[in-house]
1. With unit charges on the beta carbon (Lys/Arg positive, Asp/Glu negative), name the residue among F160, A312, M116 whose Cα is farthest towards the positive pole of the charge dipole of the chain.
2. So if I average 1/r over every pair of distinct C-alpha atoms in the range 189-268 and take the inverse, what Kirkwood radius in Å does that give?
3. Hey, if you drop one equal point scatterer on each alpha-carbon of the range 110-193 and run the Debye formula without solvent, what base-10 log of I(q)/I(0) do you get at q = 0.13, 0.14 Å⁻¹?
4. Given C-alpha coordinates of the range 274-320, what is the ratio Rg to Rh with the Kirkwood estimate of Rh?
5. With the calculation restricted to Cα positions, what are the radius of gyration and Dmax of the range 61-204 in angstrom?
6. Specify, per residue and in Å³, the volume enclosed by the convex hull of the alpha carbon atoms belonging to the range 59-104.
7. Using only the alpha carbons of the range 150-242, what is the convex hull's orientation-averaged projected area in square nanometres?
8. Charges on Cβ only, +1 for Lys and Arg, -1 for Asp and Glu, centred on the Cα centroid of the chain; of H45, L88, L191, which one is farthest towards the dipole's positive end?
Amino acid sequence: MSHKSYKSSRANPWVVAGLALLLVAAMGASCLFGAVDFAWDEILHSPIFWRLRLPRVLMSVLVGAVLSVCGAAYQSVFRNPLTDPYVLGVSSGASLGAAVAILLGLEAWLWGVGGMALAAALLTVLFIYRIASIGNRMHTTTLLLTGVCLTLLISALISFLMVLNQEKMDSIIFWTMGSFGSASWTDVAVLAPVALVGIGVVLWHARDLNLLLAGSEAAQSMGVEVERVKRVLLLFTTLMVAFAVSSCGVIGFVGLIVPHAVRLVAGPDNRRVVPYSMLCGALFVLVCDTLARTVLRPSELPVGSLTSIVGAPLFIYLLYKNKKSY
């Protein structure tokens, strides 16, 4: 690749700046809407804004950025555009942990449900890694297959628990559909450093992700330490997804649609895909969460259902518009 093409394939700073400004404007507008509306001149004096609305907006931005960046990384590591951040069983493990916590009545405990969800998610992925690793090599096909099988098994266990405890079924289902309704400054403080470090690691390895798309042997021949890069990326992306899911539940479709849509528009180079996905994912989840708490107010919709309802038609439109490239 020539020096000129190498530079031109990087993220356009004007596009990044434009998306960042749009995100900040959307965050400001989102803070105005909810069960209680505010005027611009009174919002900074409201306890509702500081205690509820602002941490919720920040959490939706962080989770959207995390899921989108992890989706972009997974799709390159596994060389499969249909891979999403939950393919390794993080969401199913977290859901099982949350279901057990809800059944034990730990909702009132500080990070009771979230802590159980995080621990179960990490244990699930650790178990999958152990099965898929042989010696110093990590077999991605085995990793994917194990993740899918374990996800199905855990889903069956959750269904079994809900049948035995039908009085708690609604709480479990609502958690698995995702919501930022209980977002707090503690959640922001826990997720923010994990997200910043993890996204930084993925951005640093964006060129390696491009080479991994050509295959492990080709990437190795071009100087990539394939096994080390895979382990580092899977470690940090898994941690990001686990912390995100444990704080807000399962928000589906984001990690699949956003990076794939960005590739359809901006091309396959991860030096563009990763930063664009980060900003677009944050904006997408923020908009969906704003709709979730305003469409039927004072009632609230699960944001995970809205991400699918809003995202699926857009994704189909992009696929149809770009079908000649397949």
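Just so it is clear, none of the values below were taken in a lab; they were calculated from the coordinates. Please read these numbers as outputs of a predicted model, since none were measured by experiment. Methodologically, a virtual Cβ is constructed for each residue, glycine included, from the backbone with ideal geometry; neighbour enumeration extends over all protein chains shown.
1. A312
2. Hydrodynamic radius (Kirkwood, Cα only) of the range 189-268 equals 14.1 Å.
3. -0.60, -0.69
4. Taking Rh as the inverse mean 1/r over Cα pairs, Rg/Rh reads 1.05.
5. 16.0, 47
6. 70 Å³
7. Over all viewing directions, the range 150-242 projects a mean Cα-hull area of 8.4 nm².
8. L88
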